[in-house]
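Everything below concerns the one structure shown next.
The values are calculated or read from the model by the stated rules, or taken from the named source; none is laboratory data. Note that the structure is predicted; figures quoted are calculated from it, not measured. All Cβ positions, glycine included, derive from the backbone under ideal geometry; neighbour counts span all protein chains shown.
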């Protein structure tokens, strides 16, 4: 009898599949981790010279993980909820025996001895650590080497630049980032993928570069809402090492996101501070979206007190940054980029009075937001002021800081586009702890948008 060979899947077709479908094929044995990993490796090798998403990538290391996972499954052992799925990690997330450079020359060659919480969770869930994605220097706003896959003359955003670009360019189905101002939602909007920032504290931060402990939030990137829900659910939990991590059951985000909404959702359309300065194309696109949603949406204005949100978020961020980045300031301030250097200088000048006063604002503002959330399923607003600008900047986080400051979950959806075809993100936000409902509403909106054309 002749030797039977296993057919090799079409790599291009594989990379077009959503993360949940890939997960299901891997779990059933219809797809091997080796085949999926090889497809991702081929894509990275073909596109990385142009996109530059990766700070660390070792194809053989990825292959070894894939072979081990296939052998594990072939032996009939139980598999995890992310079995065989390649995941990219922002290069401020510690990975044992893998370089983690925090986007700065001052940490060049740094190799942690212990995995971050989220890396431990990934491995327990059976995911493949595909590599480390580029970030801006110390996860602030000086641009990274990464370029936008839709137009490499434009920024992918920041600071989770490489994670968003890697998913957008189908190098990996999933990636992890962080947000202190707008570093998940804005890159997702510019790169045309789904970016999800959960409720503050839902994903523990042990082993992640500390910039601003009052604001730092881990989040995820995927091509679609269900993939983001699946990955975020696998990463959530309680870690006593993170003082702001809260014990409690992990929400079943994927099940909730895939469930049918009992009634068509209602949206509160918000023109946040900065709206008047946004790109006219964004104004037109959101006008058309709101008109198409019809009776499902109502408009809402924020009280005047919300003008304090951006200054408060900045004071908290920079004051805490100046403290936690003291080593970088002391040992190498002259080597830091101009943006991070100026930010640390500004943070060092914030008085204790102004810092403590700023810390009062999140709960004050959230109380006012709660009244809006009580009237809708999600607040709808832009994810960024327009399409991605040039590579000299990472874009303006003006539409993101409020939701980071108040700790509410937020998701960016790639539903709109400029006349030239560049993505324009639609941001949905909901109440603290309402992550599942927000994702269900987001999936409803993407399905509705596909139907409406």
For region 254-283 the number of residues that are over 26 Å from residue 365 (Cα atoms), surrounded by 14 or more Cβ atoms within 10 Å (Cβ to Cβ) and free of Cβ contacts under 8 Å to residues at least 40 places away in the same chain is 0
Within region 127-146, track down each residue that is under 13 Å from residue 65 (Cα atoms) and surrounded by 24 or more Cβ atoms within 10 Å (Cβ to Cβ).
-> 127, 128, 130, 131
Only one residue in 69, 106 is in a helix (DSSP H, G or I) and under 30 Å from residue 211 (Cα atoms), so which one is that?
-> 106
Go through 182, 88, 158 for me and flag whichever is under 20 Å from residue 226 (Cα atoms) and surrounded by 24 or more Cβ atoms within 10 Å (Cβ to Cβ).
-> 88
In the set 201, 248, 182, the lone residue that is in a loop (DSSP other than H, G, I, E, B), more than 30 Å from residue 39 (Cα to Cα) and in contact with a helix residue (DSSP H, G or I) (Cβ under 7 Å, 6 or more places away or on another chain) is 182
Which one is farthest from residue 439 (Cα to Cα) among residues in region 303-316 that are loosely packed, with under 13 Cβ neighbours inside 10 Å and in contact (Cβ under 8 Å) with a residue 60 or more places away in the chain?
-> 305
Could you tell me which residue of region 21-31 is surrounded by the most Cβ atoms within 10 Å (Cβ to Cβ), considering only residues that are more than 13 Å from residue 127 (Cα to Cα) and in contact (Cβ under 8 Å) with a residue 12 or more places away in the chain?
-> 31
The residue that is surrounded by the most Cβ atoms within 10 Å (Cβ to Cβ), considering only those in region 322-357 that are over 25 Å from residue 394 (Cα atoms) and touching a helix residue (DSSP H, G or I) at 6+ places or on another chain (Cβ under 7 Å), is 355
Name the pairs whose Cβ atoms lie under 7 Å apart, with the first residue in region 40-61 and closer than 24 Å to residue 18 by Cβ, the second buried (at least 19 other Cβ atoms within 10 Å of the Cβ) and at pLDDT below 95, and 6 or more positions between them or separate chains?
-> 43/15
Scan region 288-302 for residues that are assigned to a helix (DSSP H, G or I) and either surrounded by fewer than 16 Cβ atoms within 10 Å (Cβ to Cβ) or within 23 Å of the chain's Cα centre (by Cα) (or both) and jot them down.
-> 288, 291, 292, 294, 295
Looking at residue 423, is it buried (at least 19 other Cβ atoms within 10 Å of the Cβ) and over 30 Å from residue 337 (Cα atoms)?
-> no
Residue tally, condition within 28 Å of the chain's Cα centre (by Cα) and either in a helix (DSSP H, G or I) or at positive phi (or both), over region 317-334 = 12
Looking at 285, 388, which is the one that is touching a strand residue (DSSP E or B) at 6+ places or on another chain (Cβ under 6 Å) and either assigned to a loop (DSSP other than H, G, I, E, B) or modelled with pLDDT under 95 (or both)?
-> 388
If you go through region 161-174 one residue at a time, do you hit one that is modelled with pLDDT of 95 or more, assigned to a loop (DSSP other than H, G, I, E, B) and more than 16 Å from the chain's Cα centre (by Cα)?
-> no
Single match in 309, 305 (criterion: at pLDDT below 95, under 25 Å from residue 277 (Cβ atoms) and either assigned to a helix (DSSP H, G or I) or in contact with a helix residue (DSSP H, G or I) (Cβ under 8 Å, 6 or more places away or on another chain) (or both)) | 305
Selection over region 185-207 where residues are under 23 Å from residue 98 (Cα atoms) and surrounded by fewer than 24 Cβ atoms within 10 Å (Cβ to Cβ) yields a count of 3
